[in-house]
Amino acid sequence: MALSRVCWSRAALWGSTVAPGPFVTRRLQLGRSGPAWRAPRSSKLHLSPKADVKNLISYVVTKTRAINGTYHRFLGRHFPRFYALYTTFIKGIQMLWADAKKARRIKADMWKQNLKFHQLSYREMEHLRQFRRDITKCLFIGLISIPPFANYLVFLLMYLFPRQLLVKHFWTPKQQIDFLDIYHGFRRRSHLEIITHLRRASALVSNEKLRWHLEDLCTKVQNGTHPTAQDILALRDCFSTYPLGFSQLQASQMRALSQAMLLTPYLPPPLLRWRLKSHTAVIHQLDRALAKLGTGHLTPQEVRSACYLRGLNSTHTSDDRCRTWLGEWLHISCSLKAIPGAAARKGHSIHLREQRRLWPDKNDSSNKGDR
């Protein structure tokens, strides 16, 4: 190597054109064929970023479910009462959210198809009516939670007063039965007052036959006799004029009717009258939609809910009895649509429904609580 370098230096100094030897040429070529001429290495990793994200999400979800299951088992083993409240609250949130999505879908369909409330199906109308009542209660809870640190007090109040502050989604099965019995007890207290008002007003009825029929019906109801639908419909002319017309009702009568319908009776008389009108109009629209659908297409739970809304304590009544009672109710309600005049129909629907609520069956022991 030293000799070759000397030869190259002499050639450069003397300008010699001697070509380099093969050994030198090979060394130069090997020196030039370095990393610059080498082919790039191929990567051995071919994973997609989307696949990595999906695998990460599935791993996180799996771990979260496992931790959640362990947490539930821990609560159920060591704190059973708290676990029962916790599961009821979580299920209530889920059911309320599902109701909100369904109500939103119904409202969107109404807007797209330009439909009114009374043009909906029975189940859609009932869902909207119940959801409005539930969301009103929830909005009240939200309002009292606005002040700073008030949410801690609200949780305590919800635990102590679930019937007054929570909707039925957050009630336990036992609480649902107990609370419905309590609400029906409030309605029962107003029945005697309603009958008393009817007796007093019967003396002012101009038609002697109708006056006698009304007094006889009040006596039957007080004695526990189950009147027929014909007995009720024969009195519908009494509720279109003075003194039992809707526009002639006194404040005490409207308060008693509001309490029987589970409405707030502590309102000024104009608001009481408007509230009764809107409530009875909605029930009448529900009756017409239900008569079109048929009670045979309702589930047992839907039948019980419909009967309870209209005044029967269906929590302690058999399914067959509830369907029979609801069929008689619909017969009376749908017969009122032939009466001319919107005010007359509303007045009849209020008073006749209140009398229909007082129909206990002497032969049915399950209705002793309704008397």
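Averaging over every viewing direction, what projected area does the convex hull of the Cα atoms of the stretch 265-342 cover, in nm²?
Computing the convex hull of the Cα atoms and averaging its projections yields 6.1 nm².
Could you run the Debye sum over the Cα atoms of the stretch 62-169, one equal point scatterer each and no solvent, and tell me log10 of I(q)/I(0) at q = 0.11, 0.13, 0.18, 0.20 Å⁻¹, two decimals?
-0.53, -0.70, -1.00, -1.08
Starting from 0.36 nm per residue, how many nanometres of slack lie between D52 and R73 once their C-alpha separation is accounted for?
The span from D52 to R73 would gain 4.4 nm if fully extended.
At q = 0.12, 0.15, 0.17, 0.20 Å⁻¹, what base-10 log of I(q)/I(0) does the Debye formula yield for the stretch 172-335 when every alpha carbon is treated as an equal point scatterer in vacuo?
Normalising to I(0) and taking log10 leaves -0.60, -0.96, -1.24, -1.59.
Using a 1.4 angstrom probe on heavy atoms only, work out the carbon and sulfur share of the accessible area of the stretch 172-335 in %.
It is 55 percent, rounded to a whole number.
With no solvent and one equal point scatterer placed on each C-alpha of the stretch 116-268, evaluate the Debye formula and give log10 I(q)/I(0) for q = 0.09, 0.15, 0.17, 0.20 Å⁻¹, two decimals.
At q = 0.09, 0.15, 0.17, 0.20 Å⁻¹ the computed log10 ratios are -0.47, -1.00, -1.12, -1.26.
Percent of accessible area on the stretch 54-117 owned by carbon and sulfur, 1.4 Å probe?
64 percent
Subtracting the Cα-Cα distance from 0.36 nm times the residue separation, let me have the gained length for M95 to K112 in nm, one decimal.
This chain segment gains 3.5 nm when fully extended.
Taking only protein heavy atoms into account and a 1.4 Å probe, give the accessible area per residue of the stretch 180-336 in Å².
So the stretch 180-336 comes to 47 Å² accessible per residue, rounded to a whole number.
Distance check, please: which entries in K107/K137; K91/K277; K102/K277; K91/K116; K112/K168 exceed 24 angstrom between their Cα atoms?
Checking Cα-Cα distances, K91/K277; K102/K277; K91/K116; K112/K168 exceed 24 Å.
Going highest first, how would you order 258-265, 144-151 by mean Cβ packing within 10 Å?
Top of the packing list down: 258-265, 144-151.
Roll a 1.4 Å probe over the protein chains and send me the accessible area per residue for the stretch 62-169 in Å².
74 Å²
Which whole-number percent of Cα pairs in the stretch 225-290 have a distance greater than 19 Å?
The proportion of pairs with Cα distances above 19 Å equals 45 percent.
The values are calculated or read from the model by the stated rules, or taken from the named source; none is laboratory data. What you are looking at is a predicted structure, and each value in this text was computed from that prediction instead of being measured. Here Cβ is always computed from backbone atoms with ideal geometry, including for glycine, and neighbour counts include all displayed protein chains. Accessible surface areas use protein heavy atoms only, side chains included; no ligands, DNA or RNA. Shrake-Rupley method; radii C 1.70, N 1.55, O 1.52, S 1.80 Å.
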